[in-house]
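Please read the structure below before turning to the comments.
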Amino acid sequence: MEPKIQNGSWCLFRQCPPGSREGKILLVQFNSRGHSEDGGRFTIKKYRSVKELAGDGWKHQSIQLAPINPAYDPINIDESDASELMVVGEYVKVLENS
């Protein structure tokens, strides 16, 4: 997440409140990516989604986890990946180094 979060920084996250996550920077865990015995893969990305009306509510048409650093590609989430994704928290700030 450079330049916003420098490599090796300690960050503060909070539980992500219910409702829209659009545009928020999130700490996300993927159980289906990485090694399942060590908790999968974690990433910090900006959440983007496109929604469509479905019956009495809405559903995601697409979800993308976008990096701030242009050296990295976004992660596109499809329906099969969605059940393996868990939002751990919402980014608050980088803590001061002591």
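Key figures
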item: Test: residue in segment 56-65 that is open to solvent by less than 70 Å² (accessible area, probe 1.4 Å), under 22 Å from ARG14 (Cβ atoms) and at pLDDT 90 or above; result: yes
item: Selection from segment 66-85 of residues that are within 15 Å of the chain's Cα centre (by Cα) and open to solvent by 100 Å² or more (accessible area, probe 1.4 Å); result: TYR72, ASP73
item: Identity of the residue in segment 1-21, closer than 19 Å to ALA66 by Cα and of a type in the set (A, V, I, L, M, F, W, C), that ends up modelled with the lowest pLDDT; result: MET1
item: In segment 22-51, the residues that are part of a loop (DSSP other than H, G, I, E, B), at pLDDT 90 or above and surrounded by 12 or more Cβ atoms within 10 Å (Cβ to Cβ); result: LYS24
item: Matching residues in segment 52-70 - criterion: being under 30 Å from ASN7 (Cα atoms) and not in a loop (DSSP other than H, G, I, E, B); result: SER62, ILE63, GLN64, LEU65, ALA66
item: Filtered residues of segment 71-98 (kept if assigned to a strand (DSSP E or B) and of a type in the set (Ser, Thr, Tyr)); result: TYR91
item: Residues satisfying the stated conditions in segment 77-94, i.e. touching a Ser or Thr at 6+ places or on another chain (Cβ under 7 Å) and of a type outside the set (D, E, K, R); result: VAL94
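The values are calculated or read from the model by the stated rules, or taken from the named source; none is laboratory data. Note that the structure is a prediction, hence the values are computed from the model and not measured. Cβ atoms come from the backbone with ideal geometry, glycine included; neighbour counts cover every protein chain shown. Surface accessibility is based on the protein's heavy atoms, side chains included, excluding ligands, DNA and RNA. Shrake-Rupley method; radii C 1.70, N 1.55, O 1.52, S 1.80 Å.
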